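The values are calculated or read from the model by the stated rules, or taken from the named source; none is laboratory data. Just so we're clear, the structure is a prediction, and the values are computed from it rather than from any experiment. Cβ placement follows ideal geometry from the backbone for every residue including glycine, while neighbour counts extend to all protein chains displayed.
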Amino acid sequence: MPAYSLTHLKLLEAESIHIIREVAAEFSKPVMLYSIGKDSSVMTHLALKAFYPDKPPFPFLHVDTTWKFREMIEFRESYARKELGLDLLVNINEEGLKLGIDPAENSEKHTDVMKTDSLKQALNKYGFDAAFGGARRDEEKSRAKERVFSFRDKFHRWDPKTQRPELWNLYNTKINPGESIRVFPLSNWTELDVWQYIHLEKIPIVPLYFAKDRQVVQRDGALIMKDDDRLVLREGEQLETRRVRFRTLGCYPLTGAVESEATTLPEIIQEMLLAKTSERQGRVIDRDSAGAGMEEKKKQGYF
Amino acid sequence: MALATVVQVLENLCAGAHAGLSVSINALLRTISQFTNLNMSHQSELIATDINAYLEQHERKELLRFITCGSVDDGKSTLIGRLLYDSKMLYEDQLAQLESESKTHGTTGGGFDPALVTDGLKAEREQGITIDVAYRYFSTAKRKFIIADTPGHEQYTRNMATGASTADLAVILIDARHGVLTQTKRHSFIVSLLGIRHVVVTVNKMDLVGFSQGRFEEICSAYREFAERLDLPDLHFIPISALSGDNVVDPSPNMSWYRGSTLMNFLETVYIGSDRNFEDFRFPVQYVNRPNLDFRGFCGTIASGILRQGDEIMVLPQRKTSRVKRIVTYDGDLQEASTPQSITLTLEDEVDCSRGDMIVRPGNVPKVSNEFDAMLVWMSAEPMVPGKTYLFKHTSQSITGCIESLRYRVDVNTLHSSPAPDLQLNEIGRCTITLSQPIFFDAYRRNRTTGAFIIVDRISNITVAAGMITAREADKSAQTAPWEVAEGLASTTDSSIRLVTAEERQARFGQTPATLLLTGLSGSGKTTIARGVERALFDAGRTAIVLDGEDLRRGLSRDLGYSALDRSENLRRAAQIARLMNENGFICLLSMIAPDETVRSKAADLIGPDRFLTVHVDASLEVCQQRDPRGHYVEAEQGKLPKLPGAGAPYDVPQAADLVLRTQEDSIDQCIEQVLLLLRGRKLIR
């Protein structure tokens, strides 16, 4: 490569840092959503870089549905809170918890109440006017047209028709009181970029991404891990030990595992490159309500 | 299935011509791949054999952003679908989902609809249109690519400008059967306007013109001929068939006469290293990092140029100089950094510097001014209002300002420029901008970061326009010089003629000449009162002249419109006449809206403040709109005229008027009497 030319990862990094700093400079109360997944790990890493030697000048928020894998919560506490020393908020929708929705039985309602409502609750409670999310445009079709700065009205709704044109790196950050902006610093990253960057920068990730013998049950074509006693086996289902890993992390009854032998990052990347299905395939949520599932969720305020 | 059949089926699907076709996309693409010897870019041998070597190779990739211009009919979706598929960016589950959606949303009667590959939003899909820019990603061993995919329909200008703003290269599709069309010209103009240097014109559907070299060359020369008028420094042509893959990834066996690169090869190798400006160091300060009293870091993205530790720098606008102490990053200090890295600087000296300031080199500073010319792309359904206060975001600064005037509008289809009152959605024009504070800028051609800005509406917060600063500075001579006056009347050289003196005129006319500016909203009653005062003065043996802004527009100012700049110019001409009239002893009554306080004070200066009186003819907007004697409010409502002062455009209420007439409360006669009282009070008439 010629002198002064930067690699694609360096360019993506520079762009993301620019976006993160712009939000810190222009908004009075930003927050960074922290989902504990690999994209969150990368986004957090970029936030650390953006403000080095200072800490990021905003808190991090984990919307805890209470159904996350135990290893995720352990990682959140030991790495994000203790090791990185982040100002980490955790929100659980206590009202929603009382409804006792079983995600395995009613995934859509579970997501609405414990994720979407809980997020809105937290945003309102703290009065955040900008929230970073780790979504990428390559994840899903409706995301391909998502802006880096995505405008939400005071009900946190996203209207595809009122999104602002986004040119150069000049982001329109103007909002009225009560309105907010969701910001996606990883918009232009692909799954491969994220993995390569994690590899290159040696960013810690939850061990669930690596293959290991785990107790799973086959359900609706997906391998669901029994992470605790709340997962009730249905008739004819039985637990089996398989060597599996997870390509994405979410609520464990809704997250399918893939059989894998990959125990290192290069092996994960190798597997991904040879895979024939996309990463969200393991998620039940996208296929809800047929077609534009994610888009409907976004309109309601889901990330 | 023979190749010809596959091509035929896909062609039908693409054209949306045949209903009832239900072909499995998986099967289809598998069939194509068998026939076209695909180069699965991600399926490098290394993935399976030596993943570490593969990663090492891929960690050194470059990034190329490009935009595709054309419509579905040109085979754009087919081309993008092919690039994504060939680089393995479409997975089986995504294909399966597309396949199921084709049955409900597709325009091909249940068959696979290639447009769905690149469509994203439900509402759009239901309307069967795409309305925005979608970003697609794929990579090969050499480069990562970001495609800005923009539709070819009526919203093209806004969307294309958005997609083009970050693109290094444009792929312009031409249907070999149709050649260079109006839309080709439109796309090329926007590409050139947004400063994209590399253009590859892909002449698609070569299979449908029998892979004819003659046809290809005909199209190339037609394109070259028209592109001469545009600034497209690096132009290439590739004959392809996106459908059958000819010259997309692999060289076409059907076009042996073509010796150039395939499209993929071109995208992988086109040299973009020199596109960035490494000469002019520009560092807009984005954020000041102060973790403790000992550290003060200036964070930002290097807009252009290179910086080394120890370099001498200057902070604008303070013009304070210092040296770079450290270039701080999380991964350790850097010796040097270049555009577009995001870095943190510390300086040797305590220099006052905050967000919005710019760090440059003392020997190479950008232009610093609050006035400049720019090409604007209007992106809002609300038309542009000259003179209205907007917010301008430029680098890390947000500053209020206004569009002084629209010099001309460019027809994107013909590239002709012509005068216009304003810009509507998707229109492009050259404007003069005045901001409330100076900014630090370069011409967009030279610097795509410091030459670009967006305009935000202060009430709706919507991004209404994108601007590119043009090389020429705002033409001072056209703006301020006309207001300047050579002192005194031309003198005659013949000393035998005794000149009439001012005293003699005063004695003869029984009056001291002066100019009264009757300013107020359209319909407030200015002209009626002016005519009434003229009558009263005439009847009393005095001599007064009425200059009515509308009358001037019928002759002397026939060339002027209703923009802020044109209104200013109309008042300038009226003031020049008034001045001549005053010098010849007459009282002059100027009846003009004159909405701008600055322009009014320029008129006062020109005529002489001691003989210039401001009369504010005051009536509420509602009353003026009801009266609407000239029908201007109605016309403005219909969009035939720009917004009127007070009704959308600004009207500065005179703060120090010599007289305020309230035409809602007082009768015409009472108002006239008040003016005469003023003239007597100032001893201008006896």
> Since B:Glu218 meets every condition but one in (1) of a type in the set (D, E, K, R); (2) more than 19 Å from the chain's Cα centre (by Cα); (3) surrounded by 19 or more Cβ atoms within 10 Å (Cβ to Cβ), which condition does it not meet?
Replying inline: (3)
> If we scan region A:55-67, do we find a residue that is hydroxyl-bearing (Ser, Thr, Tyr), under 30 Å from A:Lys10 (Cβ atoms) and out of contact with any Pro (no Cβ under 9 Å at 6 or more places or on another chain)?
Replying inline: no
> So B:Pro421 fits all but one of (1) assigned to a loop (DSSP other than H, G, I, E, B); (2) under 29 Å from A:Asn176 (Cβ atoms); what number is the exception?
Replying inline: (2)
> Restricting attention to region A:34-67, which residues are facing chain B (nearest Cβ under 9 Å) and crowded, with 22+ Cβ neighbours inside 10 Å?
Replying inline: A:Ala50, A:Phe51
> Within the bounds of region A:82-92, is there any residue that is assigned to a helix (DSSP H, G or I) and of a type in the set (Gly, Ala, Ser)?
Replying inline: no
>> Tally up the residues in region B:231-273 that are in a loop (DSSP other than H, G, I, E, B), under 34 Å from the mean Cα position of the chain (by Cα) and surrounded by fewer than 17 Cβ atoms within 10 Å (Cβ to Cβ), please.
In response: 4
> Do you know which residues across region B:497-537 are at pLDDT below 90 and either hydrophobic (A, V, I, L, M, F, W, C) or in a helix (DSSP H, G or I) (or both)?
Replying inline: B:Ile497, B:Leu499, B:Val500, B:Ala502, B:Glu503, B:Glu504, B:Arg505, B:Gln506, B:Ala507, B:Arg508, B:Phe509
> Counting only residues that are among the small types (Gly, Ala, Ser) and more than 19 Å from the chain's Cα centre (by Cα), which one in region A:15-33 is farthest from the other protein chains (Cβ to nearest Cβ)?
Replying inline: A:Ser28
> Could you list, in sequence order, the residues of region B:629-643 that are surrounded by 17 or more Cβ atoms within 10 Å (Cβ to Cβ) and part of a loop (DSSP other than H, G, I, E, B)?
Replying inline: B:Leu641, B:Pro642, B:Lys643
>> Of everything in region B:540-578, what is farther than 23 Å from B:Thr434 by Cβ and in contact with an Asp or Glu (Cβ under 6 Å, 6 or more places away or on another chain)? Give them in sequence order.
In response: B:Ala544, B:Val546
> How about region B:194-251: which of its residues are over 25 Å from B:Thr140 (Cβ atoms) and among the acidic types (Asp, Glu)?
Replying inline: B:Glu217, B:Glu218, B:Glu225, B:Glu228, B:Asp231
> Quick one: how many residues across region B:591-615 are assigned to a strand (DSSP E or B) and in contact with a Ser or Thr (Cβ under 6 Å, 6 or more places away or on another chain)?
Replying inline: 2
>> Restricting to region B:295-328, and then to whatever is within 10 Å of chain A (Cβ to nearest Cβ) and over 35 Å from the mean Cα position of the chain (by Cα), can you tell me which residue is farthest from B:Arg361 (Cα to Cα)?
In response: B:Phe295
> Can you find even one residue in region A:138-155 that is part of a loop (DSSP other than H, G, I, E, B), out of contact with any strand residue (DSSP E or B) (no Cβ under 7 Å at 6 or more places or on another chain), in contact (Cβ under 8 Å) with a residue 60 or more places away in the chain and away from chain B (no Cβ under 12 Å)?
Replying inline: yes
> For region A:212-266, which strands (runs of 3 or more DSSP E) that fit wholly inside it have 2 or more residues that are under 21 Å from A:Trp195 (Cβ atoms) and modelled with pLDDT under 95?
Replying inline: A:256-259
>> For the structure I just gave you, tell me whether A:Arg164 is touching an Asp or Glu at 6+ places or on another chain (Cβ under 7 Å) and in a loop (DSSP other than H, G, I, E, B).
In response: no
>> Every residue in region A:167-194 that is part of a loop (DSSP other than H, G, I, E, B) and of a type in the set (A, V, I, L, M, F, W, C), please.
In response: A:Trp168, A:Ile175, A:Phe184, A:Leu186, A:Trp189
> Could you list, in sequence order, the residues of region B:429-456 that are of a type outside the set (Gly, Ala, Ser), more than 14 Å from every other protein chain (Cβ to nearest Cβ) and part of a strand (DSSP E or B)?
Replying inline: B:Arg430, B:Cys431, B:Thr432, B:Ile433, B:Thr434, B:Leu435, B:Gln437, B:Pro438, B:Phe440
